[in-house]
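Here is the structure we will look at, set down as structure tokens.
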Amino acid sequence: MASEDYEVLRASITDTLELKAGRRYVVMTDVRVRKGATLVVEDGATILIQNGAVSSSEIGHAALIFEQGSVLKAGRLYVRACNDRFRPIKRADNGGLWFFGAYRSAAKDGLSVTAAPATDASSFSAVLIATYYLGHADPVSDSNDPIEDDRDGFSLMGVGPQEWDVAEVRSYHSADDGLDLTNSQIRLQRLRVVAPGEDGINLSSSTLQVARSLQVDVDITDVFDRDIFDFETDDGPSYVEIAQHCHVDICGVFGDQLHLKSPDMPAPSEADGVSYRFKDFLRQSPALVYSLNED
């Protein structure tokens, strides 16, 4: 790749930074968009997150983290894994993409955010955010170091409905869960999750609303406990609310200890490891997948 085709992002973004279409921007460490800073992304721009361990990163890998109070303004944004030659690669071994809000306090994987007044709220807007091969899997050998635990490709922590204005999310080949929400509440027009390493949608005391299209492809593999939906309820219930007339295309193991309310979608089997498939519009009413107090 010619040198003029890419630019390495600095570790701390503290003002307004514009990313141009036709260039590739490389994340080589723990890159933070700080409170009060704005990342403006031209339609079609690409961010590359480099694979491999990074000693200077708080989470041990390169990652792009939008901190509480930061701003994203984007058209269509593409985020991909890359190798040390800044070439896109079909292997996930990085820290992923993170968004922190002020809506609720939240913590996971050694990172945390504390609820704050509306004056400290974040603002994330985009037509589309599409991610490819983000996150990383568990280490091959046993480790007690939490930094080495598997990591989701696309994570939101403490993000509220007034902070999130992203119409569509696509998550392809995440090393762990395809989309992970912790103590968050957001709405999407369209969501597509394809071939995550573990669960398709993981919610921890969160609400996800999908209006027009929900596609989750979690084909059964030899990975244990890999589901379409995985909900945790440590700080309250978790819900996926799917609007009437939304097109739903989901396949894989539905998820255990979950409840489904829908006259359109068949009830999932209570037996372990049974594949579930539904592909159609919700013609009669909205659908609700939820867990009130079970993990």
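Report the residue, chosen from SER171, SER105, SER70, that carries the largest GNM mean-square fluctuation when the chain is represented by alpha-carbon nodes joined by springs under 10 Å.
Per the Cα network of the chain with a 10 Å cutoff, SER105 tops the list.
Test of understanding: what is the full-extension gain from ASP84 to SER112, defined as 0.36 nm times their sequence separation minus their Cα-Cα distance?
Gain on stretching ASP84 to SER112: 7.2 nm.
Only counting other Cβ atoms within 10 Å, I'd like PHE100, PHE278, PHE124 sorted with the fewest neighbours first.
Taking fewest neighbouring Cβ atoms as first place, the list is PHE278, PHE124, PHE100.
Can you give the FRET efficiency to the nearest 0.05 for GLN244 and SER123, using r as the Cβ-Cβ distance and R₀ = 25 Å?
0.30
Straight distance only, please: which lysines reach the Cα of LYS261 with their own Cα at less than 24 Å, same-chain residues fewer than 8 apart left out?
Straight-distance partners of LYS261: LYS279.
Put a dot 7 Å past each Cα toward the Cβ at VAL40 and ARG283; how far apart are the dots in nm?
4.8 nm
For SER105 and ASP15 in the same chain, what is the full-extension length gain: residue separation times 0.36 nm, less their Cα-Cα distance, in nm?
Full extension from SER105 to ASP15 adds 29.9 nm.
Distance between the C-alpha centers of segment 233-254 and segment 21-59? Whole Å please.
Cα centroid to Cα centroid, the span is 30 Å.
Which one, GLY135, GLY69, GLY96, has the greatest fluctuation when you compute a Gaussian network model over the chain with C-alpha springs under 10 angstrom?
Result: GLY69 has the largest fluctuation of those listed.
Would you order CYS251, CYS246 from fewest to most other beta-carbon atoms within 10 Å of each residue's own beta-carbon?
The fewest-first ordering by Cβ neighbours comes to CYS251, CYS246.
Any lysines with Cα under 21 Å of the LYS73 Cα? List them, leaving off those in the same chain fewer than 8 positions away.
List returned: LYS20, LYS35.
Can you give the net charge of the other residues whose Cβ lies under 14 Å from the Cβ of VAL33, counting K and R as +1 and D and E as -1?
Net charge in that neighbourhood comes out at 0.
Mind checking which lysines have their C-alpha under 21 Å from LYS90, skipping anything on the same chain fewer than 8 residues away?
none
Please order HIS61, HIS245, HIS136, HIS173 by the number of other Cβ within 10 Å, starting at the fewest.
So the ranking, lowest neighbour count to highest, is HIS245, HIS173, HIS61, HIS136.
Only one of the values (i) 169; (ii) 152; (iii) 123 was calculated from this structure for volume of the Cα convex hull per residue in Å³; name its label.
Recomputing volume of the Cα convex hull per residue in Å³ here gives the entry labelled (iii).
Bear in mind these aren't lab numbers, they're just calculated from the coordinates by the rules spelled out. Every value quoted in this text rests on a predicted model; they were computed, and no experiment measured them. FYI the Cβ positions are ideal-geometry reconstructions off the backbone, even for glycines, and counts take in every protein chain you see.
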